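Following: one structure in structure tokens, then a few remarks.
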Amino acid sequence: MAQATSDENSLLWTIGWSKANGGIILLAFIIGTSMGMAVDTPTLGAIIGFVGGAIVLNRAAEHINKTHAQYLESFIEQSRAEFAQSLPENQTVYAMCYGGRAPPRLVRQFIDPAKEYNLVLVTLTDEKLTLIRGRSYSLKEKVRQSDGRQLEFELDSITRIESYSEDGQTVLKLSLENGDVERLRGEPTISEVSELESDLKSRLKK
């Protein structure tokens, strides 16, 4: 799914997502100390090694922050296109995507994207709402992890629509006449929650 670009650096990408981030700094520290001892300046060598390791981790985090969007967007658009193939021509598919598992602990405060993402796809007609939920993507590995499952609801079974923000995500809460509740969520910059809400409300008024 992921396509290589001129901005891609596999080594920095791997380092940034690695659980062994601390080991990289430790290794650089040891190498620096050893080189410093060879010229009778172990303290200076240790400092240079530590700083060098930290710089590498910072470069790796910056690389992920700069390049991750292209892979996530490719996953969303490919998933949207696949769903659209099973629908009548020109029927809109809304996408809602949000982060799941966090980056490695040591660089978590420097890496913007999540390690994994979840995607919900929704389409509407005047009679029903069809969605695919549970589709997930490993940003670290750049691969889809699961396809999710398809659900359908009659529009006249929706008794209430609410939207609110929660943990940096926009949530669309649908209350159904059987007492069930569907919560569709997404991060505002990579989701179409407000567009779906507007379309849904306009159809329910008909």
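Some values worked out for this structure:
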read-out: Reciprocal mean inverse distance between Cα atoms of region 128-206 - Kirkwood radius, Å; value: 13.9 Å
read-out: For region 74-83, Karplus couplings with θ = phi - 60° (6.51, -1.76, 1.60), whole Hz, Gly/Pro x; value: 5, 4, 4, 5, 5, 5, 4, 5, 5, 5
read-out: Sorted peptide list for 121-129, 147-155, criterion being average Cβ within 10 angstrom, highest first; value: 121-129, 147-155
read-out: Region 122-171: Cα Rg divided by the 2.2 N^0.38 Å rule of thumb; value: 1.49
read-out: SER146 paired with LYS128, simple spin-label distance in nm, labels 7 Å along Cα-to-beta-carbon; value: 2.3 nm
read-out: Rounded percent of accessible protein surface that carbon and sulfur make up, region 116-168, 1.4 Å probe; value: 38 percent
read-out: Length released on extending from SER163 to ALA84, taking residue separation times 0.36 nm less the Cα-Cα span; value: 25.9 nm
read-out: Nitroxide proxy distance, nm - points 7 Å out along Cα→Cβ at ALA102 and VAL51; value: 3.0 nm
read-out: Principal semi-axes in Å for region 61-206 [√(5λ), Cα gyration tensor, largest first]; value: 29, 17, 12
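The values are calculated or read from the model by the stated rules, or taken from the named source; none is laboratory data. All of these numbers come straight from a predicted model, not from anything done at the bench. No Cβ is skipped: glycine too gets one built from the backbone with ideal geometry, and neighbour counts run over all protein chains shown. Heavy atoms of the whole protein, side chains included, go into the accessibility calculation; ligands, DNA and RNA do not. Shrake-Rupley method; radii C 1.70, N 1.55, O 1.52, S 1.80 Å.
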